[in-house]
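**Student:** One structure, pasted below without further comment.
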Amino acid sequence: MSSEPPPSMRRPRVMGIVNATPDSFSDGGRFLAPEAALGHARRLVAEGADMVDVGAESTRPGAGPVSAAVEIGRLVPLVAALRAGHPAVAISVDTMKPDVARAAVAAGATMWNDVTALRHAPHSLETAAALGCDVVLMHMRGEPRTMQAAPDYDDVVGEVAAFLAERAEAAMAAGVARGRIWLDPGIGFGKHMTRHNLPLLAGLDRIVGLGFPVLLGASRKAFIGRLSGDAPADRRLGGSIAAALAGAAAGVAAVRVHDVFETVQALTLDAAIRHAAP
Ligand code: HH2
């Protein structure tokens, strides 16, 4: 008998977040020390993470920039140790710098998660093609420092979808294999808390309809706090799970989350209930 679950039991993969940064919005400073970051990554794998996303530069609005050398110094030992201990886990590196992506892939990362959709450096596109790893192209309006200054759209879902389709074309034209490309609507990146993030979550099926695997990152983001009495980042688990379930209903391929155990549980139950439907 095949161990592959039936289609109705399939759930999005869960990507656990490891921020080796002093200033990330929900866990800044907790995992900056190399042992703390590695311990956290191992815990996420033990809790059921299918993928781990490691980052060393916060994209929080107003966060300070980090040099490539500092990012590489934080990420490479972490990726190498994680790869050595967990040969099967997918390791994603959250960076906008091609030199950092190259060093992380050499150390064992399998995915480049770029919040600028390969627009940050002139050689981003060709580096992604040369590395041959999976690549996440995320939508962002503006740049992290200024992106939350009055973002405006006529049709947020249509504009995000058009941007992602254009970036996928650009990546393929530069030599990135179609099968390596993931898309991400960039919840919270140059989006009004509720006027843009909520329609994007409601319209995820249109992003999925572009024909690439979609990654959704809504975990603990500010719009969840805004909708729940300004709850702080560590009290946004319920809303984060609601967003992950919306992603599952729309057919996203993976969700990027801080709370791996609880998200795996929710998505597994969701899939099991749909499978049991008479
Ligand atoms: N969100 C954050 C960072 N990277 N990458 C993708 N592909 N999608 C996202 O939604 C996304 C991302 C922001 O969250 P976090 O890593 O928790 O915080 P910070 O950027 O402050 O490190």
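The values are calculated or read from the model by the stated rules, or taken from the named source; none is laboratory data. Not measured: the values here are computed from a predicted model. We place every Cβ from the backbone using ideal geometry, glycine too, and count neighbours over all the protein chains shown. All accessible areas refer to the heavy atoms of the entire protein, side chains included, with ligands and DNA or RNA removed. Shrake-Rupley method; radii C 1.70, N 1.55, O 1.52, S 1.80 Å.
**Student:** Run the simple label-point estimate for Ala46 and His123 please: 7 Å along Cα→C-beta, distance reported in nm.
**Tutor:** 4.1 nm
**Student:** To continue, here is another question. Taking every alpha carbon pair in the range 1-73, what does the distance histogram look like in 10 angstrom bins from 0, in percent?
**Tutor:** 18, 40, 24, 12, 6, 0
**Student:** Quick one: how many Å² of Asp50 are accessible to a 1.4 Å probe, rounded to 10?
**Tutor:** 50 Å²
**Student:** Given 0.36 nm per residue, what is the gain on full extension from Asp205 to Ala272 after removing their alpha carbon distance, in nm?
**Tutor:** 22.0 nm
**Student:** Please label the shape of the range 128-261 as rounded, prolate or oblate, based on the square roots a ≥ b ≥ c of the eigenvalues of the alpha-carbon gyration tensor (a/c under 1.5 means rounded; beyond that, a/b larger than b/c means prolate, else oblate).
**Tutor:** The shape class here is prolate.
**Student:** Keeping all protein chains in the complex and leaving out DNA, RNA and ligands, what accessible area do you get for Asp270 with a 1.4 Å probe, in Å² to the nearest 10?
**Tutor:** Asp270 has an accessible surface of roughly 40 Å² with all protein chains in place.
**Student:** A further question on this structure: If I compute solvent accessible area with a 1.4 Å probe over the protein chains, what percent of it on the chain is carbon and sulfur?
**Tutor:** 57 percent
**Student:** Nothing charged except the Cβ atoms of Lys and Arg (+1) and of Asp and Glu (-1): what's the magnitude of the dipole of the chain about its Cα centre? Round to the nearest 20 debye.
**Tutor:** 260 debye
**Student:** Calculate, for Glu166 and Ala130, the FRET efficiency according to 1/(1 + (r/R0)^6) with r their C-beta to C-beta distance and R0 30 Å; round to the nearest 0.05.
**Tutor:** With a Förster radius of 30 Å, E is 0.90.
**Student:** Grab the Cα-Cα distance for Ala84 and Arg195, subtract it from 0.36 nm times how many residues apart they are, and report the gain in nm with one decimal.
**Tutor:** In short, 35.6 nm is gained.
**Student:** Calculated FRET efficiency, Ala174 and Glu143, Cβ-Cβ r, R0 22 Å, to nearest 0.05?
**Tutor:** FRET efficiency, Ala174 to Glu143: 0.55.
**Student:** Residue farthest toward the positive end of the dipole of the chain, with Cβ of Lys/Arg at +1 and Asp/Glu at -1: which of Gly108, Ala233, Gly203?
**Tutor:** Of the listed residues, the answer is Ala233.
**Student:** Taking square-rooted eigenvalues a ≥ b ≥ c of the alpha carbon gyration tensor, is the chain rounded, prolate or oblate, where a/c under 1.5 means rounded and, failing that, a/b exceeding b/c means prolate?
**Tutor:** Working: a/c = 1.20, a/b = 1.10, b/c = 1.09.
It is rounded, given that a/c, with a ≥ b ≥ c, falls under 1.5.
**Student:** What accessible area, in Å² to the nearest ten, does a 1.4 Å probe give for Glu166?
**Tutor:** 90 Å²
**Student:** For the range 31-168, just say rounded, prolate or oblate: build the C-alpha gyration tensor, square-root its eigenvalues into a ≥ b ≥ c, call rounded for a/c under 1.5, and beyond that prolate if a/b exceeds b/c, oblate if not.
**Tutor:** prolate
**Student:** Using helices alone, what [θ] at 222 nm do you get for the chain, with -39,500 (n - 2.57) per DSSP H run of 4 or more residues, divided over all residues and rounded to the nearest 500?
**Tutor:** The helix contribution divided over the chain gives -12500 deg cm²/dmol.
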